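The block underneath contains the structure these notes are about, expressed in structure tokens.
The values are calculated or read from the model by the stated rules, or taken from the named source; none is laboratory data. For clarity, every value in this text was computed on a predicted model and none was experimentally measured. Every residue, glycine as well, gets a Cβ built from its backbone with ideal geometry; the counts of neighbours run over all protein chains shown.
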Amino acid sequence: MRILVTGRKGQVARSLSEMADPGVDIVFAGRPEFDLEAPDTVMSAIRSARPDVVVSTAAYTAVDQAEDEPERAFAVNAAGAGAVAAAATEVGAAIIHLSTDYVFSGDKLGDYGETDGTAPQSVYGRSKLAGEHAVAVANPRHVILRTAWVYSPFGRNFVKTMLGLASKHDSIRVVADQWGNPTSSADITDGILRIAHALSAQEETSRHGIFHLAGQGSTNWSGLARQVFAVSRACGGPFAEVEDIGTQDFPTRARRPANSRLSCVRLEQVFGWRPPDWQGSCRKVVERLVGAAG
């Protein structure tokens with residue numbers, strides 16, 4: 001099986017580059033030869049690779065900046081995603097496309113399922129929802145994976161930010177009234193590879209559509225910070241006290257959902273795989289980061 005991954009530098013793309021899977025040939029397409037804002041490069045890269053499955057990870061992810069650049073956010077996350085899906089269709093490939101918990105309003109009390117109504121509160125969320133629609137229209141062999149609160153040893157993310165702050169401060173103020181599922185990019189990668197094998201093996205339409213893939217269990221941002229510091233402290237790394245604050249005490253350009261907890265029941269029912277608990281996955285990442293720093 002040959003997989004083409006769009007993007008090279010993102011957290012999931014870099015996790016895929018580390019994941020060994022016998023019988024899977026993974027190639028990556030990134031700028032400048034592959035650019036979601038230049039549709040001709042998208043078609044050319046996918047035609048050249050001739051993949052069995054395209055994993056669409058490249059995206060505009062600057063949530064707050066998107067409020068000032070809506071045209072660019074939609075060009076990348078909606079039109080660009082649709083172009084990738086259409087090119088995959090042309091070469092006979094299925095597509096696995098990454099989306100976000102930010103497609104939801106955050107008003108629900110419990111976990112969000114795939115059939116719950118969407119109502120994104122930010123430009124970023126709206127652009128990703130438009131991308132879901134574009135992918136579904138352009139390629140009937142699609143799996144759209146909504147994930148949340150992604151962290152990894154790579155790039156910029158909350159876990160790395162907390163460790164960096166703890167090396168400079170004894171106490172850190174962290175939002176405590178936004179709830180979700182912290183998700184390791186390694187777990188997303190594991191799920192992607194399992195789904196890719198299933199898609200290449202058979203054409204059952206029940207395996208197509210929207211699925212949620214997120215760490216099992218939920219917490220708020222301050223709870224995630226406390227977990228990071230507990231693991232780091234045990235490993236001899238930096239740690240800090242956490243002071244709970246409200247969203248109003250940490251204003252951002254884009255509005256975040258107060259609750260974006262995702263149910264992964266459908267993923268388990270269809271693909272027979274359940275993402276791990278978020279605490280264990282977080283521990284692995286923090287131990288790696290602290291060990292690398294030491």
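Below, the figures for the structure above:
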quantity: Near pairs, Cβ below 8 angstrom, 6+ apart or cross-chain, from region 1-30 (closer than 16 Å to Ser185 by Cβ and among the small types (Gly, Ala, Ser)) to any residue that is part of a helix (DSSP H, G or I) and at pLDDT 95 or above; calculated: Gly7/Ala13; Ser15/Ser185; Ser15/Ala186; Ser15/Ile188; Ser15/Thr189
quantity: Answer from Val5, Val27 - the residue that is assigned to a strand (DSSP E or B) and exposed (fewer than 15 other Cβ atoms within 10 Å of the Cβ); calculated: Val27
quantity: Residue selected from region 278-287 under the condition touching a residue at least 12 places away in the same chain (Cβ under 8 Å) and under 20 Å from Leu193 (Cβ atoms), by the criterion surrounded by the most Cβ atoms within 10 Å (Cβ to Cβ); calculated: Trp278
quantity: Given (1) assigned to a helix (DSSP H, G or I); (2) under 23 Å from Ala148 (Cβ atoms); (3) β-branched (Val, Ile, Thr), index of the condition Ile96 fails; calculated: (1)
quantity: Filter result (in a helix (DSSP H, G or I) and surrounded by fewer than 19 Cβ atoms within 10 Å (Cβ to Cβ)) within region 30-74; calculated: Pro39, Asp40, Thr41, Met43, Ser44, Arg47, Ser48, Gln65, Glu67, Pro70, Glu71, Arg72
quantity: Residue in region 42-62 that is free of Cβ contacts under 8 Å to residues at least 12 places away in the same chain and either under 21 Å from the mean Cα position of the chain (by Cα) or farther than 25 Å from Ala201 by Cα (or both) present; calculated: yes
quantity: Candidate set from region 191-230 (those that are surrounded by 21 or more Cβ atoms within 10 Å (Cβ to Cβ) and among the small types (Gly, Ala, Ser)); member that is farthest from Pro140 (Cα to Cα); calculated: Ala225
quantity: Qualifying residue in region 231-246 (condition: surrounded by fewer than 18 Cβ atoms within 10 Å (Cβ to Cβ) and within 19 Å of Gln121 (Cβ to Cβ)); calculated: yes
quantity: Count - residues of region 112-139 that are buried (at least 18 other Cβ atoms within 10 Å of the Cβ), of a type in the set (D, E, K, R) and in contact with a Ser or Thr (Cβ under 9 Å, 6 or more places away or on another chain); calculated: 2
